[in-house]
Amino acid sequence: MNSNREVPVDLANPLGLDGIEFIEYETSRPQALGQVIETMGFRPIARHRSREVLLYRQGDMNIIINAHDSEVPRRLQLSESPMIAAICLRVRDARAAYLRALERGAWAVPARVEVMELNIPSIHGVGASRIYFVDRYQDFSIYDVDFTRIPTVDPHPPALAEMHWFGIVQYIGSDRTGDWTEFYRELFGFEALPDEQRFGILPKGRVLKSPCQRFYLQLIAPNPEPFDGDREEMLQRVALGVPDVLAAVTLLRQRGVEFIESPGVHTEKRGALTQARLGGVMFELVQHTPA
Amino acid sequence: MSHFSGNIADIGMDTISLSGTLPMKLHAVKEAGFSQIMLMARDLTGHAEGVTAAIKTVRASGLRVTGFQVLRDFEGLSGNLHDYKIDIAKSMLEMCAALGSKVLLVCSSTSIHASADRDLLAKDLRKLAMLALPLGIKVAYEGLSWGLHVNEFTHAWDVVCRADAPNLGLGFDSFHVFATKTSLDEIDTLDPDKIFLVQLADFMWQEIRSVEERITTARTFRVFPGEGVHSAQLAEVVTRLDRLGYRGDYSFEVFNDDYQQMPPATVAERAYRAALWLGENVLKRSVPIPGQIRLRARG
């Protein structure tokens, strides 16, 4: 059973987590979302072999837009407003990571794999979202198997303004900060940052640091209200790190991206927030230089 | 409603006290003046039109679901038995979530196959809590007085502390406390924020001498608070919990064969009298102010 008894396991990073492989959006309007993320610098790279799924990329970041309406009955039909449907994590051993998560109480997502496609293991995350595990991201790409490259397109477009994944913002219900902190600690090894350590211009809630120290999760509870008004729990937005926020904002504005400029939330050196598109898609910029 | 309304929004009935179909039970509880009800899995699975229709009926009733019961003989198993129980737990959790219930009740194991190692019990309950977590469900672990290794609330509390999961807490049932004669002083050692459900029942005799008698009494001869011979003790339990800072729900966990032979409306009225006794005589609450808003506890 214990095949890796001689391999030291990093207790602080039990899965060998190594950043985000891709973020997946679901929508019934993939072209509209494609246009939005193209203004942010992502370029279409490849199409899925059997489903209506597109891969976009810039630098080290991959975004998958999934418009495949599954035949399997779902709790939620695809909506026009795109939602963040999955985070794919790079780990040392995807199978081991998946089994470890199940052993600790994660819900397995049944695989729906066509012939000759990769079976990427996944578990249920917040709301209707999923968390995938992949371990082939260095010498071999998962996209080489399931996707067909779009001809004449540069498969590795450089990132605009040195953008990179910084984190994901998750909306949670009232009194759920402790619960979700424990979920990410137990299953992946995330740790909460002290309250005084925050990034960007939206410092609310609790920030969890990934054990690979390459990205963050921010948990945001609803404002206290006298009535029971539990908001839906979901992955709300992606945060992108940039070394120079003001330069990145200038560049993105030229490409048609609009930012929120209100007394409460506006562009600063520390960060910026794009205006919501398509019913809620927004990106946060955070001043951050990768190590 | 024929009588005046008391300040009892946090007190509810349990379907196990009532005869009849699910819609009859919901109707009787609501008509008596309660705003919440504790449900058991069989209420859904035994519904004539199926589980989905049962869930719709509950949601349409306007009653809040106090909690969903009961996952039995879950913790301390290994191998295939453990895997089997995880599947059962998932099924219970899915029904619980579909009902909008925030609490799943788990009773301590009576299985001879279960381990006595409390760290192992804690590990399994922690896994259950993780399964419940994305669904927004809290797991309340109750020490059944005829549980094999965990049979007092103090044992259950020890396991909950060892498991140390934010959504795993204690289910406290007064019947079992009286049956095992656990000192009520032990209530003061609990963390009120980790008590996820309090179930109250009285019974008609002073002594329960054997485990068999515990089971028979628990399943057939419980009565509503204030109706039995343990009223003073029951009042002390509730007063202590209130003083400790418990602000969650109280549910009447009353199994009684006689009540099963009475019209649900009559039983629900008895329950309502018990609720008024608790709210006014024991907790000394004032009548509700019209339009009163119950504020959330600070999280």
Which of the residues spanning region A:123-157 are away from chain B (no Cβ under 14 Å) and assigned to a strand (DSSP E or B)?
A:Tyr132, A:Phe133, A:Val134, A:Phe147, A:Thr148, A:Arg149
Residue in region A:225-243 that is at pLDDT 95 or above, in contact with a helix residue (DSSP H, G or I) (Cβ under 9 Å, 6 or more places away or on another chain), more than 26 Å from B:Ala165 (Cα to Cα) and among the small types (Gly, Ala, Ser) present
yes
How many residues does region B:224-251 hold that are among the hydrophobic types (A, V, I, L, M, F, W, C), buried (at least 17 other Cβ atoms within 10 Å of the Cβ) and in contact with an Asp or Glu (Cβ under 8 Å, 6 or more places away or on another chain)?
2
Scope region B:156-185; condition part of a helix (DSSP H, G or I), surrounded by fewer than 19 Cβ atoms within 10 Å (Cβ to Cβ) and either within 14 Å of chain A (Cβ to nearest Cβ) or touching a His at 6+ places or on another chain (Cβ under 8 Å) (or both); matching residues:
none
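Hey, can you tell me all the residues within region A:93-122 that are within 14 Å of another protein chain (Cβ to nearest Cβ) and over 14 Å from B:Pro134 (Cα atoms)?
A:Leu99, A:Arg100, A:Glu103, A:Pro110, A:Ser122
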Looking only at residues that are in contact with a Leu (Cβ under 9 Å, 6 or more places away or on another chain) and surrounded by fewer than 16 Cβ atoms within 10 Å (Cβ to Cβ) in region B:16-47, which one is nearest to B:Thr266 (Cα to Cα)?
B:Met24
Subset of region B:202-227 [in a loop (DSSP other than H, G, I, E, B), among the small types (Gly, Ala, Ser) and out of contact with any Lys or Arg (no Cβ under 8 Å at 6 or more places or on another chain)]
B:Ser210
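Per-residue answers, yes or no, for (1) away from chain B (no Cβ under 14 Å); (2) hydrophobic (A, V, I, L, M, F, W, C); (3) free of Cβ contacts under 8 Å to residues at least 12 places away in the same chain; (4) not in a loop (DSSP other than H, G, I, E, B):
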site	(1), (2), (3), (4)
A:Lys204	yes, no, no, no
A:Gln213	yes, no, no, no
A:Gln218	yes, no, no, yes
A:Pro222	no, no, no, no
Verdict on A:Glu268 being in a loop (DSSP other than H, G, I, E, B), over 21 Å from A:Ala32 (Cβ atoms) and in contact (Cβ under 8 Å) with a residue 12 or more places away in the chain:
yes
Enumeration of residues in region B:186-210 that are out of contact with any strand residue (DSSP E or B) (no Cβ under 7 Å at 6 or more places or on another chain) and either of a type in the set (Lys, Arg) or surrounded by 14 or more Cβ atoms within 10 Å (Cβ to Cβ) (or both):
B:Glu186, B:Ile187, B:Asp191, B:Pro192, B:Asp193, B:Ile208, B:Arg209
Do any residues in region B:195-211 that are acidic (Asp, Glu) have Cβ atoms under 6 Å from those of residues that are modelled with pLDDT of 90 or more and part of a strand (DSSP E or B), where the two are at least six apart or on different chains, and which pairs are they?
B:Asp202/B:Val223
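Has region B:192-199 got any residue that is charged (D, E, K, R) and not in a helix (DSSP H, G or I)?
No, region B:192-199 contains no residue that is charged (D, E, K, R) and not in a helix (DSSP H, G or I).
The values are calculated or read from the model by the stated rules, or taken from the named source; none is laboratory data. Here the structure is a predicted model, which means the values were calculated and not measured. Note that we place each Cβ from the backbone using ideal geometry, even for glycine, and neighbour counts take in every protein chain shown.
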